[in-house]
Structure formats: C-alpha cells, structure tokens
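*Asks:* Can you keep this structure in mind? I'll have questions shortly.
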Amino acid sequence: MNFSQLLKQVRNKQVDSVYLILGDQEYLSDQIKQAFIGLIPDAERSMNIGNYDMEETPISAAVEDAISVPFFGERRLVLVNRPYFLTGLRVKSKVEHHVDDFLDYLQHPEQSTIMVIFAPYEKLDARKKVTKMLKKVATTVEIGKLRESEIKSTVKRAITDKGYQIDPEALERMMQLTGGKLTPMMNDLPKLLLYNEATKTITLESVNGLVSPSIEQSVFDLVNSVLKRNAKESMDIYQNLILESNEPIGINAVLIQQFRLLLQVMILQKHGYSQGNLASSLKVHPYRVKLALQTVRHFNYQQLRDAYIGLVDTEREMKSTNRSPELLFELFLLKFMRPDVA
C-alpha cells in the first residue's frame, strides 16, 4: 500500500488493526499520524492515544496500552516510533525490549485498537522472528522510496491546496537545492507562500532567495566546480560551507562519497544499468543518481579517479597531521588543477 491509498482508507474509516509505516520521510509520517489521530474524537484523545518512542520506552508498555479497553470511546490508537529492535542497528539505549510480548500481541491484535508502527529505516532485519511476524500481520505502507514525480506532485498538491501555483523552473530548483528530499521542501513552503502572497505564484527568484541548499547540494556544486578546474569558485563554495559550521573533515568526507558515487554511476552505466536500477543497486536517493548521470556525461574516468584519490589522500593527512584542514584542501585543489593533470 502507498501513502495515498492509506490516507483514503483512513478517511473512509476502514482501518486495520496493525500498520507498519516503513521509510524515513518525516513529512509523510506526520501526515499519517495526523490522519490516524483524526479518527479519535477530541474529547477522547488524552485517554485513548498512546505515543511511544522505542529508544526511551519498552515495547511492553505499548503492548499493555494496546490491550486496554478504550476509555469511553470506540477506538484506542497506539503509535510506536523508532522500533530499532526490528533492524540490525546498534542504538545507544538502556531500554530492554521483551519482544515476546509484542509477538504475542501480533498473534491476537486487539480489534478496538489501531497500532501504527513508524520505522524510519531503509530496511528491517528480515531474519528476525519479530520482523517476519510483523510483516505477516501488519498492513505495510512504504513511504521511503518516492520517485521524483511523486515528490513533485506532493509538493504541487500542497501548494494548490493553499490557492497558489508554482512555476515549473521554481519547482525544479527546489528539488535541486534540497537534494530531492520531500521534508525540507515542505518545511520551506510556508516562507515561500508568505513571500509570494500578493501574486499567489512561487517564482524561481523567490526559491533562489529563500531556500537554503542542503550540504549535499553545496557539495555537488563544489564537485562540479572542482572538475571544471575553477579554483576561485571552488574555494568560495568551500568557505561558505565552513561558514555554515560544517567541519572541514566532514566536507571532505561528503566530497569523497560524491566522487565515489560518480565513479560507480559511470562504471555501472557502461554495463547497461538504468537510472532506476542504479538508485536501487547503490541504495542512494534517485535524485542524486539523476544529478550524477548529468555530471558524468561531461567528464572522463581518469578525472574522477584522480579527484577521488586526491581527496582520500587529503583525508588521511587531515587525520594524521597538525596542518590546517583548509590549507590541505587548497593544496588538493592546486595539485588537481595543474595543467599536467589530465
């Protein structure tokens, strides 16, 4: 089931006993939570809604709530957040989870309770008994893997619902600046709506002025600037990243990741991989793959390889010497941009 199908089901009040919301899309998760909360009358919410964070509270507390009879109402809603015990992740938490209680509940869910489990992860550990049981019992809703068209349509729908419209180039620029991530795009909407209140049209100019680029997008711009051997522009972007409180070693690490992605995309594309296959195989956001494909058309393997190796060497020096990280990055640029480097 997808996000739209779930909302339609909830609005029609034809709900199941257990839901698994899989994926890290904060905006969509919040929309889903509000839709389910809307099923409980205002006067009953304080007594019939339980909200549990599994990094702070044991699953047995949520189960105990779920088996309770609704207090002067028809339904009880139990929201379970960050169930890391369904994954292979190691989380610094002192909470001890007795998953047997949860397994017992899944075998006989309470019919008057709606349990909604929000798992903001790429995937769960399918080998675990509790994961197998949950996937067997729950209605699973995938919200993490949205296509570019789905992200754009969600943003446009939110804008249209407010009585506004957005220029196509402005929407494309929003995608670019946020790295194609829905939640940052939706977080930026209120200020764009306010700025364009007079015309009711969100323009490219307002997007450029009000939407701050993500570090991934800034690094993407830096990558292209480095590959084009534009030293001044590269240092300007780098200094802006520093001014935004990004640590040099962190910037370098993201640069390495980006060049590694470009190399992987170039190699796999030559082996016949499509854009969709690349995103799935490399486990990265589809929009990042789209931008990577646009970049690798203009550069050769040797250029990407030289930049990647140079940055790896720079990272090693950053970790092993007392020399200024910013100076080390400048030295990397000077070396890479020498005329004798192919």
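The values are calculated or read from the model by the stated rules, or taken from the named source; none is laboratory data. The model shown is predicted, which means the values in this text are computed figures rather than measured ones. Note that each Cβ is placed from the backbone with ideal geometry, even for glycine, and that neighbours are counted across all protein chains shown. To get the accessible areas, we keep the full protein, side chains included, count just its heavy atoms, and leave off ligands, DNA and RNA. Shrake-Rupley method; radii C 1.70, N 1.55, O 1.52, S 1.80 Å.
*Asks:* Mind checking whether some residue in the stretch 155-167 is under 20 Å from Val284 (Cβ atoms), open to solvent by less than 20 Å² (accessible area, probe 1.4 Å) and of a type outside the set (D, E, K, R)?
*Replies:* No, the stretch 155-167 has no match at all.
*Asks:* Could you check, for the stretch 74-82, whether at least one of its residues is without any contact (Cβ under 8 Å) to a residue 60 or more places away in the chain and within 25 Å of Arg147 (Cα to Cα)?
*Replies:* There is at least one residue in the stretch 74-82 that is without any contact (Cβ under 8 Å) to a residue 60 or more places away in the chain and within 25 Å of Arg147 (Cα to Cα).
*Asks:* What helices (runs of 4 or more DSSP H), lying completely within the stretch 208-320, carry at least 2 residues that are in contact with a Pro (Cβ under 9 Å, 6 or more places away or on another chain) and open to solvent by less than 40 Å² (accessible area, probe 1.4 Å)?
*Replies:* 231-243, 248-270, 275-282, 301-320
*Asks:* What are the pairs, 6+ residues apart or on separate chains, where a residue within the stretch 271-283 that is in the same structural domain as Gln294 (by the TED database) has its Cβ under 8 Å from a residue that is exposed (fewer than 14 other Cβ atoms within 10 Å of the Cβ) and among the acidic types (Asp, Glu)?
*Replies:* As it stands, the answer is Lys283/Glu122, since those pairs meet every condition given.
*Asks:* Can you name the number of the only condition in (1) at pLDDT 95 or above; (2) out of contact with any Gly (no Cβ under 8 Å at 6 or more places or on another chain); (3) closer than 28 Å to Asn2 by Cβ that Glu26 fails?
*Replies:* (1)
*Asks:* Also, I was wondering about something else. Does Asp53 count as of a type in the set (Asp, Glu) and in contact (Cβ under 8 Å) with a residue 24 or more places away in the chain?
*Replies:* Spelling it out, Asp53 is indeed of a type in the set (Asp, Glu) and in contact (Cβ under 8 Å) with a residue 24 or more places away in the chain.
*Asks:* Kindly indicate whether any position in the stretch 168-184 is more than 30 Å from Ile256 (Cα to Cα), touching a strand residue (DSSP E or B) at 6+ places or on another chain (Cβ under 9 Å) and open to solvent by 70 Å² or more (accessible area, probe 1.4 Å).
*Replies:* The answer is no, given that none of the residues of the stretch 168-184 is more than 30 Å from Ile256 (Cα to Cα), touching a strand residue (DSSP E or B) at 6+ places or on another chain (Cβ under 9 Å) and open to solvent by 70 Å² or more (accessible area, probe 1.4 Å).
*Asks:* When residues of the stretch 127-156 are filtered for being within 20 Å of the chain's Cα centre (by Cα) and either within 18 Å of Asp104 (Cα to Cα) or part of a helix (DSSP H, G or I) (or both), how many remain?
*Replies:* 9
*Asks:* In addition: Please go through the stretch 104-118 and give me each residue that is of a type outside the set (S, T, N, Q) and loosely packed, with under 15 Cβ neighbours inside 10 Å, ordered by number.
*Replies:* Result: Asp104, His108.
*Asks:* Within the stretch 91-113, how many residues turn out to be touching a residue at least 24 places away in the same chain (Cβ under 8 Å), more than 28 Å from Lys13 (Cβ to Cβ) and not hydroxyl-bearing (Ser, Thr, Tyr)?
*Replies:* 8
*Asks:* With the checklist (1) in contact with an Asp or Glu (Cβ under 8 Å, 6 or more places away or on another chain); (2) without any contact (Cβ under 8 Å) to a residue 12 or more places away in the chain in hand, flag the one item Arg45 doesn't pass.
*Replies:* Unmet condition: (1).
*Asks:* Another one. Against the conditions (1) within 25 Å of Gln107 (Cβ to Cβ); (2) crowded, with 16+ Cβ neighbours inside 10 Å, where does Tyr27 fall short? Just the number, please.
*Replies:* (1)
*Asks:* Among (1) modelled with pLDDT of 95 or more; (2) open to solvent by less than 60 Å² (accessible area, probe 1.4 Å); (3) under 21 Å from the mean Cα position of the chain (by Cα), there is one condition Pro190 misses while meeting the rest; what is its number?
*Replies:* (2)
*Asks:* Shifting gears a bit: Out of the residues in the stretch 31-71 that are acidic (Asp, Glu) and farther than 22 Å from Phe85 by Cβ, state the one that is most open to solvent (accessible area, probe 1.4 Å).
*Replies:* Taking the candidates together, the pick is Asp42.
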